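The values are calculated or read from the model by the stated rules, or taken from the named source; none is laboratory data. Model, not experiment: these values are computed from the prediction. Cβ sites come from the backbone with ideal geometry, for glycine too, and all protein chains shown count toward neighbours. Areas reflect the complete protein model, heavy atoms only, side chains present, ligands, DNA and RNA absent. Shrake-Rupley method; radii C 1.70, N 1.55, O 1.52, S 1.80 Å.
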Amino acid sequence: MGQIAVLDQNMVNMIAAGEVVERPASVVKELMENSIDAGATKITITIEDGGRKLISVTDNGSGMDAEDSARAFEPHTTSKIKTSKDLRAISTLGFRGEALASIASVAQVRAVSRRTDSPGANCIEIDCGNKGSISPASSDYGTTIQVRDIFYKLPARRKFLKTANTEIGHIIEHFTRIALANGHLDMTLIHNGRELYRLVSQQDLRQRISELFSSELAENLLEVENNEKGIRIFSLMGRPSDSRTSNKFQYVFLNGRFIRGKFISHAIKEAYRGNIEPNRFPVVFLFIQMPYEDYDVNVHPTKIEVRFYNTNLVHSQVLGTLREKLLVTNLQTQAKLPSATSAAKAEVPQAGHRSREIADAMAEFFRKHKPIPTQQQFTREPTDAEWATKYKVKDTKYESLQTQRKFIQIHDSFIIAPTDDGFIIIDQHALHERIIYEILSKRLRESKLESQRLLIPESFELTEAQIDVLKSNTGLIEKLGIELVPFGPRTYAVQAFPTLLAKAIPVDFVRDLIDLLDCKGAILDTQGLLNEVLNMAACKAAIKAGQKLSDNEIEQLLADREKTEFTGRCPHGRPTTIKFSIAELQKQFKRT
Ligand code: ADP
Ligand code: MG
């Protein structure tokens, strides 16, 4: 007898749900997209327990009549395409007709909807694919869909959900993407009764970025526009000095749809080439508009990837537009003053009277205490004398080097020094990075890093998601010797910073640290994460390539090299030192 059976419809939906409904954030995304397709101008999202308990999306869009409400939760039902011709030019966010059916197959769903031309609303409930009957209800125009206890009949998938903090972080990410692409929308996000975002409609993009990220980031963005060859590009692009450790802050939209793709990322990277370190990523908000017929969105279940018919053209337009803007802009980094001004700005609209008073008092304090040369203790180069006395090394090799001065620095990047049987070339940055890495890990193994209080705390803004990251990593941050204190709504200040990282700029460091914890926190174990953090710290605190060193500094570096284990490679695995033997030289010069 044959083994093959046709799966029943509920099984088919559950399998489809595996692709579309990865976690609560995917539900939020699908529901918000449906609201936008329904022409809504206002969307309110209410979440409980990271979406585990409740996801509710209310809109003021077109609504559904009773017949449509009943049908919408069936698989492959959509009002957005009718014929195969429609598939060739999709202007809506949805079209596959599987989101609602998938969601309703893995949770308890209740939908209440009312069309603008209807005297009353209708209500339908579906419990993991078991559909109840339609009943009348009372409600405003529009649609509310509530999704409760996601995956409650699929314990394996429910177990896979992360903490409420992590899940709400993913939800905020989707909220952010939709908010960036839809300035006309009034959008609110509430988690466990707390309002995380309330964005008013008709907001200018820069203002929206300021509310979703920070005013500091928004103010520094460069604006560029281009309309050529059927492709309209608009971008608010970050300065190279505002780069990040991952490409998470690259938001690319194609006709209002958030997309990711190798080609666009590559174009962005190329545009910034030479202006940014190879392992850093620029912040970019990029909006591309082109005819719907010129690309295919039907290549990925979540529609995050698209296929352009003329990839090269899109690539060159994006690259050219961004690159040109960077070429005509003076990118000289401005000296960073401690955050007296941003402290004054800490009063965002929701700021209460009390926090405003505190912010004012702080700003006044900063004004009185300017200029602030003391801050330099964290960024200035140590003097030769300080270098020499820093470790008080009494190493015989070091002393003989010192007296004989047998080394040179070339191109302000490499040090050449003789050895007993030849000579070595040292990459000053790579070696110093390794040394700092070793010192940091040794100290951390023993206790926490020693820190020094900043005379003037440096303040910076964070998003709600970043604040959650910060809160879930307080132990690690404390161990690193970093002290952060709340300093107004969505604003924190660095109050103490590790002495060993004196060369790094505290606010930049903390920002990168949070990005790193955000991106890698969920995928790495504690040890792996700590390792990444130490790598980053060492890289930031190390002498740079291109930095002229005094004799004392070079001597110190060579002495530290002798004292440190594993100096052969930098923490990223690149060699720090290349050895040449006399024998090899003699061979090259045909002396043997
Ligand atoms: P798709 O969006 O791909 O069409 P969905 O399963 O997400 O598929 O939705 C099915 C249909 O239900 C949509 O085509 C639309 O007609 C209707 N619908 C879903 N959500 C809403 C909403 N918020 N307002 C009005 N109609 C909706
Ligand atoms: Mg949809």
Surrounding net charge for ILE124, when Lys and Arg each add one and Asp and Glu each subtract one, Cβ distance under 12 Å: -3
Relative packing of 131-141, 249-259, which averages over residues the other C-beta atoms within 10 Å, highest first: 249-259, 131-141
Average accessible surface area per residue within segment 412-534, 1.4 Å rolling probe, Å²: 40
Under 5 Å, built H, 5+ apart or other chain: amide partners of ARG244: PHE281, VAL283
Angstrom value of the Kirkwood radius, inverse mean 1/r, which spans all Cα pairs in segment 197-300: 14.8
Heavy-atom accessible area per residue - segment 548-592, 1.4 Å, Å²: 67
Nonlocal amide H pairs with ALA89, under 5 Å, H built at 1.01 Å: none
Between helix 353-368 and the chain: long-axis angle, C-alpha atoms, 0 to 90°, nearest 10: 20
Relative contact order (%) - the chain, alpha-carbon pairs under 8 angstrom, separation at least six: 11
Nearest-ten-degree value, helix 428-446 long axis tilted from longest Cα axis of the chain: 70
Rounded accessible area per residue of segment 103-262, 1.4 Å, Å²: 43
Value in Å of the Kirkwood radius, where the chain supplies the Cα pairs that are averaged: 27.5
Projected-area mean, segment 501-578, by convex hull of Cα positions, square nanometres: 6.5
Computed Rg/Rh of segment 463-592, alpha carbon atoms with Kirkwood Rh: 1.14
Accessible-area composition of the chain, carbon plus sulfur, in percent [1.4 Å probe]: 52
